[in-house]
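Student: Take this structure, written in structure tokens, and hold onto it; I'll ask about it next.
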Amino acid sequence: MTTQASQQPPFDGKAFARALGTQPGVYRMYGKDDAVLYVGKARVLKNRVGSYFNATPKTARTMAMLAQVVRMEVTVVRTDAEALLLENQLIKSLAPRYNVLLRDDKSYPYVLLTQEAWPRLAFHRGPRGIPGRYFGPYPSAAAVRETLNSMHKLFKLRSCEDSVFRNRSRPCLQYQIGRCSAPCVGLVPARDYADAVRRASLFLDGRSEELGNELTSAMEAASERLDFEEAARMRDLVQTIRKLQARQYVDGQAADLDVLSVAMQGASACVLLLAFRDGRNLGTRAFFPKTNGAPPEEVLSAFISQYYGEQPPPREIVLDRDVPDRELIEVALWETAGRKIQLKCNVRGERAGYVDLVRRNAELTLATELASHAAQSARAEALREMLGLAEVPKRIECFDISHTMGEATVASQVVFDANGPVRAQYRRYNITGIEPGDDYAAMHQALERRFRRAIEEGGVMPDVLLIDGGKGQLAQANAVLKDLGVPNVYVVGVAKGEERRAGHETLILPDGRELRPGAESPALQLVQQVRDEAHRFAITGHRGKRQKARSTSRLEDIPGIGPRRRASLLKHFGGLGGLKQAGAEEIARVEGINAALAERIYATLHGLPVPAAGTEAGRDG
């Protein structure tokens, strides 16, 4: 029985607000057990926090939240911009229950211009760990590829990986078709290549007008010194850039803007973004934030704050409706971007047409998404019925193994919930210490690592565990779960059908029964979806691991092998694969490679004991 003395007094929000100052800052509301309920920003903390506890009518959602508040905390900052940044960071890290949450998406595509002696221009997706400049994000991969296609035609920058670039002895096909200036073999002076890099940066920064003027001046200068070939090249470049500028202009200007619209059905929402950069229409991208019952204008406001807190905003953001704290967000984005950012609603003319287009597409996209969720729910219910489960599985995991002849073995773990894939919880396991090609040992190791860690750290367990394989793989899963004492996990083996035909899979149940539901079964369709995702994720990881091992040439670690000998070896054998297939005697026939060095090369490439290096290898300048 709880005594009156031990009961916590109700939170006095009015008294808390009166004690606050008039500085900008961020406030946090906490419920029982210190659960974070809400994170918000304020231009004036005292006024903003006080507005929650005055007599003004509140929405049912706000009243439900305030009824759970047991304490609040505030952090005072110097500017509105700092408040916006801190709010976004806390929402992302704490995931408060009543905030609108923009689901973390690390898959934004960018154009990457690397920071090297001979910079590379390439498509990039994922963490920005490579030194260089990242231009974007772009709404779609197609928009990035279209941009790269134009860039390579205009500026002829290389796109090849460093492992290819370092070992070229003659120009590749990209040079032959006029999309690269072949810096790998010295066909372009360093100064000219640096000029091309700088001009590419101007173009990607949206400063194509400035770039066109610069190229026009360069054309005239070349003409004056009678270098007509260079003048003609500059002329063609200017004409191409002017043609690109003439496409997709908004209101006759080279617009730099985003158009946003939000569509809602119940608690489900879709925010659709249409992007223009330097007047070019880059297409649309859809987002599905977690709304927690917030109204559309609040969803859109939260999206703007969170999305542009991480991505560089354009000069103009056009909205399909007004949003709360529009002026505050505008000022904060202005300060963080270092230039004026305008949030506009109730626009006219061509912009109004774009708003209408985005609004209709947002509604269509949301309807499609909800239909796919309904189908997903139907498949999950069919799986529950087929397996004889008491409830629809809330969490399904699937494991798969991928390797090439035992090389670079990787296990994948994918996770599905009621709404489909939960990509943030996917995992890969690099398998070590097993016989190459032993899939049973690889599966055993991956499952043991996954479930042992879950037991030690109190992690979540799956309701259904799918194993891509037959009875042997299923036995490994059952052995791991039994050894670790993991209860209440329904394990199903997914064996490939005749001739590996989709729809003919056999499901092996825990009691040994085998089911062949057939291609029309919604339950099998869900199993196939999960299994195929695990297969895709495993292959992607395996290829990346294998490519990394192959591109990081082990020749570089051998004493006596420098750039010249490495290039000679790779050229002679057609690459690292051909070199690995050669014997020591064949390696010794390459110019500059003696017998002792050939033995060391062969041993290194085949994992054998390496003979000690002597002085007979000589120097490789």
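The values are calculated or read from the model by the stated rules, or taken from the named source; none is laboratory data. Remember, it's a predicted structure, so these values are computed and weren't measured experimentally. Heads up, the Cβs are rebuilt from the backbone with ideal geometry, glycines too, and the neighbour counts pull from every protein chain shown.
Student: Can you tell me which residue is modelled with the highest pLDDT among those in the range 145-154 that are in contact with a helix residue (DSSP H, G or I) (Cβ under 8 Å, 6 or more places away or on another chain) and within 16 Å of Phe123 (Cβ to Cβ)?
Tutor: Ranking the qualifying residues of the range 145-154, first place goes to His152.
Student: Looking at (1) within 19 Å of Gly512 (Cβ to Cβ); (2) surrounded by fewer than 19 Cβ atoms within 10 Å (Cβ to Cβ); (3) not hydroxyl-bearing (Ser, Thr, Tyr), which one does Ile467 not meet, given that it meets all the others?
Tutor: Looking at each condition in turn, Ile467 falls short on (2).
Student: How about the range 167-191: which of its residues are charged (D, E, K, R) and either within 28 Å of the chain's Cα centre (by Cα) or at pLDDT 90 or above (or both)?
Tutor: The answer is Arg179, Arg191.
Student: Say whether the condition of being touching a residue at least 40 places away in the same chain (Cβ under 8 Å) and in contact with an Asp or Glu (Cβ under 7 Å, 6 or more places away or on another chain) is met by at least one residue in the range 474-492.
Tutor: yes
Student: Do we have Ala332 as among the aliphatic types (A, V, I, L, M), assigned to a helix (DSSP H, G or I) and under 19 Å from Asn99 (Cβ atoms) here?
Tutor: So Ala332 passes the test.
Student: Check off (1) over 16 Å from Asp400 (Cα atoms); (2) crowded, with 16+ Cβ neighbours inside 10 Å for Met443 and give me the number that stays unchecked.
Tutor: Going through the list (1) over 16 Å from Asp400 (Cα atoms); (2) crowded, with 16+ Cβ neighbours inside 10 Å, Met443 breaks only (1).
Student: Next question, about the same structure. Inside the range 311-340, can you point out the residues that are crowded, with 16+ Cβ neighbours inside 10 Å, of a type in the set (A, V, I, L, M) and at pLDDT below 90?
Tutor: Leu328, Ile329, Val331, Ala332, Leu333
Student: Give me a count of the residues in the range 259-282 that are outside any loop (DSSP other than H, G, I, E, B) and closer than 21 Å to Ser372 by Cβ.
Tutor: Residues flagged as outside any loop (DSSP other than H, G, I, E, B) and closer than 21 Å to Ser372 by Cβ within the range 259-282 amount to 11.
Student: On to the next question. Glu350 is checked against (1) in contact with an Asp or Glu (Cβ under 6 Å, 6 or more places away or on another chain); (2) buried (at least 19 other Cβ atoms within 10 Å of the Cβ) and fails just one. What number does that condition carry?
Tutor: It fails just one condition, (2).
Student: Next up: Being closer than 17 Å to Glu533 by Cα and either outside the structural domain of Asp468 (by TED's automatic domain parsing) or assigned to a helix (DSSP H, G or I) (or both): is that true of Ala380 here?
Tutor: yes
Student: Kindly establish whether Gly469 is in contact with a helix residue (DSSP H, G or I) (Cβ under 8 Å, 6 or more places away or on another chain), at pLDDT 90 or above and not aliphatic (A, V, I, L, M).
Tutor: no
Student: Which of the residues that make up the range 208-229 are modelled with pLDDT under 80 and crowded, with 16+ Cβ neighbours inside 10 Å?
Tutor: Correct list: Ser208, Leu211, Gly212, Glu214, Leu215, Ala218, Ala222.
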